[in-house]
Structure formats: structure tokens, C-alpha cells
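Contents: one structure, followed by commentary.
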Amino acid sequence: MIRLSNVHKAFGNNHVLRGVDLHIPKGESMVIIGGSGTGKSVTLKAILGLVTPDVGTITVADKDISKGDRDALLSRFGMLFQGGALFDSLTVWQNVAFRLTQTGMDKARARDIAIEKLRRVGLKPDVADRFPAELSGGMQKRVGLARAIAANPEIIFFDEPTTGLDPIMAGVINDLIREIVVEMGATAMTITHDMSSVRAIADRVAMLHDGVIKWTGTVVEMDSTQDPHVDQFIHGRSTGPIEAVR
Amino acid sequence: MTAFLASIGRATLAILASIGAVTLFAGQTVGHMLRPPFYWREFISACMTIGYFSLPVVGLTALFTGGALALQIYAGGARFNAEAVVPSIVAIGMVRELGPVLGGLMVAARVASSIAAEIGTMKVTEQIDALVTLSTNPMKYLTVPRVLAATLTVPVLVLVGDIIGIMGGYLVGVSRLGFNPAAYLQNTVDFLEFWDVASGLVKGAVFGFIIALMGCYFGMRSGRGAQGVGRATKAAVVAASVMILAANYLLTELFFSA
Ligand SMILES: Nc1ncnc2c1ncn2[C@@H]1O[C@H](COP(=O)(O)OP(=O)(O)OP(=O)(O)O)[C@@H](O)[C@H]1O
Ligand SMILES: [Mg+2]
């Protein structure tokens, strides 16, 4: 479904991606792990065309994303941004229903759908008319999640969906992501640092390090791998091939 | 020496590059204005924040400027026994020059900064990226409504400013300088020509366009973090103010140098 080939991206002297190769088959849930600042978020943004790679190609359903109708392509995607990226000038339900109302759905119906999506991320209907600035960080994150899934996209990206949530809410969100993949057959890419999330969500795991995908495999393979990078990462050791200062 | 020349060269190139970038941005804005979709809700809310809420600032500026103008012209006119010109010069000075320019500068301070800060914050917090992923063009959704609203509402502000400014002159003229109220007004009306007022409104429209365009341009290009937004805000106000003064000169040259 999504294929990255030899993707490079530098910001000035900072060579973030140095040849990323990754394939995500349709209907699979891929989790990307890797140290802070290694370019996980940049990778997702590159697939969405928000960041243009310097070198390399990215295809979605065998079509090069840099060519053709971008809006048509993006209408198949849902994205939860790491910081939520809610529109401060709109209320919570207007945020969630943004794509629906933009495509001409009538207000009452869009609002009902928004409230239903909010319920699925564990938020009560009374937050619908509040503004994002009035919510806690974790609540904002969940509104962002509701917005990402509102239009039932085929492909969903979650950038750290459970950071800032309590363990119970994190569990709810993990289940939700799993459900979306299994029931709706969506293709998902999730970035997370939370190993319990990885285990709950992932069909496959990919580890990004030094600008390349160092390792990919299933969760079971992840637990038994000899790869020193993965081993250090999943056990949270401060010593190993991944430097603690970067 | 070569280093000095090189630095001048670099600065010149940088200025040319930004003129090019701003022109391109303006062209894109106009291009998007002409193609659907058009976001009415955003447009109306922009009219409110840019136009309606700028009324007090513009009104006060005009009031005091009109009053001071009357005092100055009276003092200057007294040197050659021409105190009687106060009403007509106040009116002409207000509608042709001070109304649009001072109004434009005040709106620039108020609106260019707030647009740049708002859009800059949206950029920094990835809201602009979020718009794109939700298949909404930020130029159409953010820039077009604001630029159009400013282009249409600043002339109205200028008109209101003209009237209040003339009233300021009138109040000072009547209460402090001993003019006959009816004669003052008669004098004002007799001397003002349609084009005096209309030229000021055209200036207002151009200034409005510049103000919102600069706010959006610098907001969209905001660097990362709070510092980036701060810089964008400052740059927007400075650029809008300088461009207003430059455009004012060019328009005055165009309209009135026969
Ligand atoms: N727009 C940008 N301009 C300049 N540098 C950027 C930009 N976006 C990302 N970077 C840089 O790219 C690198 C990777 O950033 P990215 O956000 O992808 O990290 P990440 O892997 O998601 O980290 P984290 O787990 O902390 O979110 C960082 O060094 C960051 O400073
Ligand atoms: Mg990130």
C-alpha cells in the first residue's frame, strides 16, 4: 500500500533521513519505533507530502505521491499529529467534523458523527462545544485522534497517540487503533515510544535509527531478535549501540 | 573591499529575492481568490476582526489628528492672514493624505501583527499541516478571506476616519479658534471634491491589501517556536508600514501629479 524507497531528507546540515526503505502492505498495522529526533515524524510527513524528500520515491497504492491529484490522495488519509494540531478557532466538534463539513455534509449530521467519534476516544458529548484551549493535553490528543478517524480513512497515521495519557486511557486508545485496523481494514502507521502500545497495536515493527530502517519484524521477532539496537531500545538501556546523547 | 562589496551584493540579492517571493505570494493570493471554494465564514469573521474592531483605534487617531491639523493650519495660515482656509485644508489633508495613511498605519500595527501571530502560531503548532491533510488549501482558507476582508473594510475605516477627522477639526475650529459652526461646515463641503475622497478610499483599499498580505506572508513563513512567531509578527508590521508609506507616495504621484 505504502512504499518508501531510498528516501533522503536534510534540513540544512541535519541529514535526518538517509535512505529509508519501508513497505506497509494494505490492512497492516505498522509501528515505527526509534529514538527521539531520529525522523519518525518527518517520515510520516513525507508520505503525506508535507515534507518533500530530497531524494527517493514514495508511492501509495503504486502511485507516486509527488504526481497527480494531491487532495484526492489526502482524502484517503487520516493523521493524528504529535502535538494534536487542533484548530484553536474552532470548537471541538467542528475540529472533529472538519473534513465532513468541508465536503458539504450538513451540520447536524456532522455533529452527530463527531460526538460518536469523541465517544470512541473516551470523551463525553459535553466537550463538543468547548474550544481546544480549554482541554487538557491528553484530551486534546484524543480530539486529534477523533478528527483523524472521523471520515473513516483507509490509511491512518498516528504520531504518538498515547503520550500524555493515563495508562487506562492509553489502553482504550490502543484497543481503538487495533479495532480500526481489524474491523475497518484500514492501513495504519503508528509512531510510539510506549512498548505496551507497540505490543497492543503492531502487526509489524520497524526501527528507525541513523536515518535508515535498521530493523523490521513482527512483535514476536522483536522480542527474540539479536539486533543490538532493538534490544537496547525495547529494554530501555542507556548503554549500547544507540548513543544517549544526540 | 571585496568582502564589503560582496556583503552589499548579498543584501541586494536578498532584497530582490524577498520582493520576488512577496510578489509571487500576492499573485497566488489573487489567483486563489478567483477560484472556488470560498470560505464565507472565515471571510465574515475576518471582516469583524479587521474592520469592525479597528473602528475605535482609527476613530481616535482621526479625531486627534483632525484637531491638531486645525491648530497647525490656523497658526500657519495666520502668518499670511489666511486663517479662513482652515476648514478646507483640514478636509483635504484628512481625506487625501492623513486619513488613509494614519488609519492604514494604525490598522497595520493592529491587524498585520495579529494575523502574523495567529497564522505563525498555526504554522508552528502544525495546524497548517493539519489543514493540508484535511484537503483544505491554507491559502484559500486563511489568506484569501483575510486579504479580501482587509481590502474591503479598510476603505470603510478610512471613510469613517475622514468624517471623524473633519469633526475633530470642526470641534477645535469652533470651540478654540472662533469659527462660525455653519460657515465651517459649509466651507468644508464646498471645497471637497469627489476625487479627494475617492482617492483616499482607493489608497485605503491598497493599504488594506498590503496589511493582510504581509500578515499572512510572514505568518506562513514563520520560523519554529515562539521566537519564530515573534520575528514574523515584527517583520509583518515593519514591512506593512514601510510598504504603506511607499505605496502612498506612488499613488499620490499617480493621482495628483498632473
Ligand atoms: N521543519 C523542520 N525544519 C527543520 N528541522 C526539522 C523540521 N522538522 C524536523 N526537523 C528536524 O528533524 C529531526 C527529526 O525530527 P522528527 O520530528 O521527525 O523527530 P522524531 O523522530 O519524531 O522525534 P520525537 O520522538 O522526539 O518526536 C530533528 O532533528 C528535527 O530538529
Ligand atoms: Mg515525532
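The values are calculated or read from the model by the stated rules, or taken from the named source; none is laboratory data. Model, not experiment: these values are computed from the prediction. Here Cβ is always computed from backbone atoms with ideal geometry, including for glycine, and neighbour counts include all displayed protein chains. When the accessible area is computed, the model is the full protein with side chains, heavy atoms only, and any ligands, DNA or RNA have been set aside. Shrake-Rupley method; radii C 1.70, N 1.55, O 1.52, S 1.80 Å.
Any residue that is open to solvent by less than 20 Å² (accessible area, probe 1.4 Å), touching a strand residue (DSSP E or B) at 6+ places or on another chain (Cβ under 9 Å), farther than 17 Å from residue A:158 by Cβ and near ligand 1 (Cβ under 9 Å from one of its atoms) - is there at least one of those in region A:14-23?
Looking through region A:14-23, at least one residue is open to solvent by less than 20 Å² (accessible area, probe 1.4 Å), touching a strand residue (DSSP E or B) at 6+ places or on another chain (Cβ under 9 Å), farther than 17 Å from residue A:158 by Cβ and near ligand 1 (Cβ under 9 Å from one of its atoms).
Got a number for residues in region A:19-38 being out of contact with any Lys or Arg (no Cβ under 7 Å at 6 or more places or on another chain), under 15 Å from residue A:191 (Cα atoms), modelled with pLDDT of 90 or more and part of a loop (DSSP other than H, G, I, E, B)?
1
What is the residue count in region A:112-163 for residues that are within 16 Å of ligand 1 (Cβ to nearest atom) and open to solvent by less than 40 Å² (accessible area, probe 1.4 Å)?
Total meeting the criteria: 8.
If residue A:50 satisfies all but one of (1) touching a residue at least 24 places away in the same chain (Cβ under 8 Å); (2) touching a helix residue (DSSP H, G or I) at 6+ places or on another chain (Cβ under 7 Å); (3) within 15 Å of ligand 1 (Cβ to nearest atom), what's the number of the condition it fails?
(1)
Give the number of residues within region A:166-213 that are without any contact (Cβ under 8 Å) to a residue 60 or more places away in the chain and away from ligand 2 (no atom under 16 Å from the Cβ).
Qualifying residue count for the region: 20.
Residue check: is residue A:190 open to solvent by less than 70 Å² (accessible area, probe 1.4 Å), in contact with a helix residue (DSSP H, G or I) (Cβ under 8 Å, 6 or more places away or on another chain), in a loop (DSSP other than H, G, I, E, B) and within 16 Å of ligand 1 (Cβ to nearest atom)?
Here the answer is no, as residue A:190 does not meet what is asked.
How many residues, within region A:9-25, are out of contact with any helix residue (DSSP H, G or I) (no Cβ under 7 Å at 6 or more places or on another chain) and in contact (Cβ under 8 Å) with a residue 60 or more places away in the chain?
Looking only at that region, the number is 7.
Of the residues in region B:163-211, how many are surrounded by 20 or more Cβ atoms within 10 Å (Cβ to Cβ) and part of a loop (DSSP other than H, G, I, E, B)?
Within region B:163-211, residues that are surrounded by 20 or more Cβ atoms within 10 Å (Cβ to Cβ) and part of a loop (DSSP other than H, G, I, E, B) number 1.
Considering only region A:68-124, state which residues are among the polar types (S, T, N, Q) and either in a loop (DSSP other than H, G, I, E, B) or within 8 Å of chain B (Cβ to nearest Cβ) (or both).
A:75, A:82, A:89, A:91, A:102, A:103
Which one is nearest to ligand 1 (Cβ to nearest atom) among residues in region A:74-95 that are touching a helix residue (DSSP H, G or I) at 6+ places or on another chain (Cβ under 9 Å) and open to solvent by 30 Å² or more (accessible area, probe 1.4 Å)?
A:82
For region A:196-203, state whether one or more residues are away from chain B (no Cβ under 14 Å), under 24 Å from residue A:38 (Cα atoms), in a loop (DSSP other than H, G, I, E, B) and within 13 Å of ligand 1 (Cβ to nearest atom).
The answer is no, given that none of the residues of region A:196-203 is away from chain B (no Cβ under 14 Å), under 24 Å from residue A:38 (Cα atoms), in a loop (DSSP other than H, G, I, E, B) and within 13 Å of ligand 1 (Cβ to nearest atom).
Each row is one residue, and each column tells you yes or no for (1) at pLDDT below 95; (2) surrounded by 18 or more Cβ atoms within 10 Å (Cβ to Cβ).
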site	(1), (2)
B:69	yes, yes
B:79	yes, no
B:101	no, yes
B:107	no, yes
B:112	no, yes
